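The values are calculated or read from the model by the stated rules, or taken from the named source; none is laboratory data. As the structure is a prediction and not an experimental result, all values here were calculated from the model. When we count neighbours, we look across all protein chains shown, and the Cβ atoms used for this are built from the backbone with ideal geometry, even at glycine. Calculation scope for accessible area: heavy atoms of the full protein, side chains included, ligands and nucleic acids excluded. Shrake-Rupley method; radii C 1.70, N 1.55, O 1.52, S 1.80 Å.
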Amino acid sequence: MKKILLAALFAGASLSASAATTLHFATEASYPPFEFVGADNKIQGFDVDLADAICKKIDATCEFTNQSFDSLIPGLKFRRYDVVMAGMDITPDREKQVLFTKPYYDNSALFIAQKGKVASIAALKGLRVGVQNGTTHQKYLTDKHPEITMVPYDSYQNAMLDLKNGRVNAVFGDTAVVNEWLKKDPKLSSVGNKVTDKDYFGTGLGIAVRQGNSALQKQLDQGLAEVKADGTYQTIYHKWFQQ
């Protein structure tokens, strides 16, 4: 009976997540502090800890798998996993493809460059800016800054390597992640102000499930609300975003 209920949940029927023993989460684990592969070769980070806390509230177990970012939504739609949690911005385009929970993190984006090399966002005209393929950052540059030469990468780790080696002039990423890079490398600096355009970044980060699976969406929202209400969210937040 449990197997029948589990299959029905993942098919999008109106059943609670408590019927499932395991929820399969997909992420792209090269984006600290949200998700990354630690020294023990396990995926960890803010998203992972928050997912664990939410799953505990809804009597489920979550397991993470590492995928390329641009394959996350297609893989979700093809039922390769049940949930995507990967520092993913809630955008109108993505909402046409998947269901999102309520935002779990207020997001913005920021340019970063070698210190003293780029004075302003306007100065990036004609220069090479690295982004991760399939991200909101890529779409934002395409739509809003066609004067910038965008360079897509399979991961931000490779984009940062090229920035340090002078192959690109800047990198554009989430503010929280960029701030981690700035802490670790004094040779880098931010360029311009944070970008908070709500069509791209200002709505926040969300957890994605398949269209039609509103039962799971509601269960995750319930778990998120409980985690925020009992102080668990703040504990996890301060662990990963210490000032």
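So the values come out like this:
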| item | result |
| --- | --- |
| Cα convex hull of the chain - mean projected area over all directions, nm² | 13.0 nm² |
| Nitroxide proxy distance, nm - points 7 Å out along Cα→Cβ at LEU127 and LEU182 | 1.6 nm |
| Residue-span extension gain [ASP93 to LYS198] - 0.36 nm each, minus C-alpha spacing | 36.6 nm |
| Under 30 Å between alpha carbons - lysine pairs in segment 27-132 that sit 8 or more apart or on different chains | 14 |
| Normalised contact order of segment 88-210, rounded percent, pairs of Cα under 8 Å and 6 or more residues apart | 49 percent |
| Net charge of Cβ neighbours under 13 Å - reference GLY134; Lys, Arg +1; Asp, Glu -1 | -3 |
| Estimated FRET transfer efficiency when R0 is 25 angstrom, pair GLN222-SER155 (beta carbons, to 0.05) | 0.15 |
| Amide H partners (placed H, <5 Å) of GLY204, local residues excluded | ILE90, ASN107 |
| Percent accessible area from carbon and sulfur atoms, the chain, protein chains only, probe 1.4 Å | 50 percent |
| Bridge type composition, the chain - antiparallel percent by DSSP, nearest 5 | 55 percent |
| Label zone at GLU147, where the point sits 7 Å out along the Cα-to-Cβ direction: segment 197-219 residues whose backbone N lies under 20 Å | 197 |
| Gain on full stretching of the segment that runs from ASP106 to PHE241 - 0.36 nm per residue minus C-alpha separation | 47.3 nm |
| Virtual paramagnetic centre 7 Å along Cα→Cβ of LYS77, amide N under 18 Å, in segment 114-149 | 133-136, 139 |
| Surrounding net charge for LEU76, when Lys and Arg each add one and Asp and Glu each subtract one, Cβ distance under 11 Å | +4 |
